[in-house]
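The structure under discussion appears below in the form of structure tokens.
Laboratory data are not the source of any read-out in this text; all were calculated from the coordinates shown. Given the structure is predicted, the values throughout are model-derived calculations rather than measurements. With ideal geometry, Cβ positions are generated from the backbone for all residues, glycine too; neighbour counts draw on all protein chains shown.
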Amino acid sequence: MAVANLTGREELKDSPDKVKTSLTGIERDQYIKGKALFAKEGFCITCHQADGNGLPMSGFPPLHGTKWVTGSQDRLIKVVLKGLHGPMEVNGTKFPGQVPMTPFEGMLSDEEVAAVLTYVRNSFGNKASSVSKEKVKAVRAASESKKAFYAPAELLQEFPLEK
């Protein structure tokens with residue numbers, strides 16, 4: 001990927017026949033766009049890695065097999081829009097949360113947030129509903145007054161992890 005950035009090549013552009021997902025139509029298009037956004041240097045891939053395993057030794061949790069990803073869309077959208085800071089537990093592992101997750105509300109449109117979340121919710125062994133740009137727009141509007149990172153405990157109070 002770094003070579004692609006240096007040489008000006010487009011990164012991680014998949015031909016439609018190479019994409020491995022059961023999604024079809026608009027949802028599949030979202031998935032493809034989301035995969036490209038996920039892979040942009042400085043975005044999701046930097047901390048959560050190409051395989052979605054994160055960097056546990058550095059404090060970055062995995063994205064697979066967790067209700068943080070496959071559960072409440074509202075909770076996940078808020079994490080992406082406003083960022084996350086503070087201790088949390090993912091798949092039985094405690095993360096100190098000393099390094100905050102970047103808030104992407106000023107960097108990604110509603111359509112882009114929906115795309116990357118559709119990708120994450122349907123990659124790394126996850127299978128969950130796609131996220132619509134309308135849903136992101138509604139959550140963005142509802143959380144507009146929030147000016148700081150979310151704390152995991154704050155989000156779990158509003159949206160408890162699903163069983």
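So here's what we get for this one:
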{"read-out": "GLN49 long-range amide H proximity, modeled H, under 5 Å", "value": "GLY54"}
{"read-out": "Of (1) 42, 35, 30; (2) 37, 32, 31; (3) 62, 35, 34, the label for Cα extents along the principal axes in Å derived from the coordinates", "value": "(1)"}
{"read-out": "The chain: relative contact order as a whole-number percent, Cα under 8 Å and 6+ apart", "value": "24 percent"}
{"read-out": "Of LYS20/LYS137; LYS78/LYS133; LYS33/LYS147, those spanning more than 19 Å from alpha-carbon to alpha-carbon", "value": "LYS20/LYS137; LYS33/LYS147"}
{"read-out": "Dipole moment magnitude, nearest 20 debye, the chain about Cα centre, only Lys, Arg, Asp, Glu C-beta charged", "value": "160 debye"}
{"read-out": "Cut-off under 5 Å, modelled amide H: who pairs with PHE60 long-range", "value": "LEU55"}
